[in-house]
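For reference, the structure is listed below as structure tokens.
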Amino acid sequence: MIELVPFIKELGAAGIDLFWTPVLIWTILAAAAIVVFRFFPQISPAYQYHGRVSIAWALPLGILVSVLFNHFSAFAESTAAMPIKFIVIQNPINITASPAEQSFNWFEPAFLLGIATILGATIVIFGLIKLGISLASLKSLSRKIDTPSAHAKRLLSEKNRLLLRKNCPNTSIVFSKNIDVPCTFGLRKKWVILPETLRNQPEKLNIAARHELMHICQYDYLLNTTLQGIKALFYFHPLVHLLVNEAGEQRELYCDQNVLADPEISHKRYAELLFELAPKKVFRTTAAVSMAVNPSTLKKRIQIMKTPTSAPSIKRSITLMLVTGLLFTGIMACSDMEENGITSSEVQNVQANIDNAPSKEEPLYIINGDKIDSEKSRDILSRLKPKYIESIQVWKGENAVEKFGQDGQNGVVKIKLIEGEIALNDLRTEEEMKAMKQKFIATQPAEDFYVAVEHMPQLKGGLKNLASNVNYPEACKEAGIEGRVTVSFIVDKQGNVENPNVIRGIGHGCDEEALRVVQQAEFEPGTQDGKPVRVQMSLPILFKTSSAFNINFK
């Protein structure tokens, strides 16, 4: 199990932005919409039905758009990124905390989300298998049913034959002994299957046929198929099940409303047929649209017959459905993601303002208590990364002047970075890194040294031996801190290390550990013209909480 922990954590971390956050946003919006639908039962069944369909559609669409946004953003960032240059002589040493040493937190969010992702995927497989069985059952039924005959159509009323001819092309009506409840299925070629028991009951036959033909006119089989697919893909989500079930109930209410709009249809006979079908066994596949009657909704369906109302047009209802779905999708995909308590938009606004503001009207920027020179602020702020920002405070007008004097007359933006050198390294320019190196060189003895010689110093025992002496700091392991620590030093004529100094660090004890190990290192001296000489070197040590390599160091 412990070997799978890094994979599970990476899976959970990757799924936070791409999957779980959009799902959470959808869950909140969907729950609120369902409450509204239930609080206002007088809303037309058409809007109730199509509204629930659009909410269900928004879940996979929102995740898809979110993934696409993330992909294109990552692509744009990767193509725009500038390479960072390091003065390094040796290859970086990868230091990985060994599984046995890690004080693993089983309740770490990334790990829990990884476990949830795996369990969710397992449940989804079950849902897809169940949907496949349902579709296979429909296929099997289509092979068993009788060939549609002219006799079946002759039993229909004149209005039903007209509806069949004008609005339901490529539709066949057949009788079957394999079902007890009328049902409809099919996309290109549509089937209306009626129980054999209705063949000799013309009035009930025509009522059932009208109900199923209305399903075809409302594109209910197509909508139901997409709902069942979404239900299978998100089989782990109880709110999806609730939405699909409620959409099915409202679909039947909407269909009842359309059928009873015809004054020639007897409300009494329609109610009798519903009562007759209620106890009967429903065809086992949920992929078909049927006239099945849920006892819990029977009272509601009868109530609609007592207080008939005109149903809105199908075009208006579907238009509203599409608008609602796009609204949900937009909110899910464009929601402002937060990193370390700072939203991406806050950082982007700061960066946009620094690019657009006239030089004489730029606000005062303060990073970690240091005022940023206005000439450098554009360059520095353009390289800020949200993950390194702990907080952003903004003062304007009199409040800014009162707190910071005339320097704050154009406003003040105070940015606090997280603790550690790694946050500052990304803000340092190449010139600043060179200045740090020069400062290091200035602290060295006056005796000359080389930066490149014929034969560079060689580490005794090799890099692996040196890495075996590195202890991953507990504070870093617990906090999940990782990064590169670069140590600059002099190898003297005897191969000893002189004055090691961290020129790039990440804090949290890693800098001190890198210095300790480098101080104890022994080298074969470098030589120039056959003579030992002093050589300046840099050695990067990469601390990682997990690694793709199967090497664990003490």
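The values are calculated or read from the model by the stated rules, or taken from the named source; none is laboratory data. All figures in this text were calculated on a predicted structure; none of them were measured in a lab. Glycine gets a Cβ as well: all are built from the backbone with ideal geometry, and neighbour counts include every protein chain shown.
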Condition broken by Arg251, with the remaining ones in (1) among the basic types (Lys, Arg); (2) within 25 Å of Gln42 (Cβ to Cβ); (3) not in a helix (DSSP H, G or I) satisfied: (3)
Pairs, first farther than 28 Å from His508 by Cα in segment 446-474, second modelled with pLDDT under 80, C-beta under 8 Å, six or more apart: Met456/Ile89
Within segment 129-196, strands (runs of 3 or more DSSP E) holding 3 or more residues that are aliphatic (A, V, I, L, M), surrounded by 20 or more Cβ atoms within 10 Å (Cβ to Cβ) and at pLDDT 80 or above: 190-195
Helices (runs of 4 or more DSSP H) contained in segment 458-529 and holding at least 3 residues closer than 28 Å to Glu108 by Cα and in contact with a Ser or Thr (Cβ under 9 Å, 6 or more places away or on another chain): 474-479
Breaking point among (1) surrounded by fewer than 17 Cβ atoms within 10 Å (Cβ to Cβ); (2) under 26 Å from the mean Cα position of the chain (by Cα); (3) not hydrophobic (A, V, I, L, M, F, W, C), for Pro263: (2)
Every residue from segment 36-45 that is of a type outside the set (Phe, Trp, Tyr) and under 15 Å from Asn245 (Cα atoms): Arg38, Pro45
Check on Thr96, surrounded by 11 or more Cβ atoms within 10 Å (Cβ to Cβ), hydroxyl-bearing (Ser, Thr, Tyr) and at pLDDT 85 or above: no
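Can you find even one residue in segment 63-85 that is buried (at least 16 other Cβ atoms within 10 Å of the Cβ), at pLDDT 85 or above and in contact with a Leu (Cβ under 8 Å, 6 or more places away or on another chain)? Walk me through it before giving the result.
Applying the first criterion (buried (at least 16 other Cβ atoms within 10 Å of the Cβ)) to segment 63-85 yields 63, 65-66.
Next, from what is left, pick out any that are at pLDDT 85 or above: 63.
Add one more test, that the residue is in contact with a Leu (Cβ under 8 Å, 6 or more places away or on another chain), and what stays is 63.
Yes, the conditions are met somewhere in segment 63-85.
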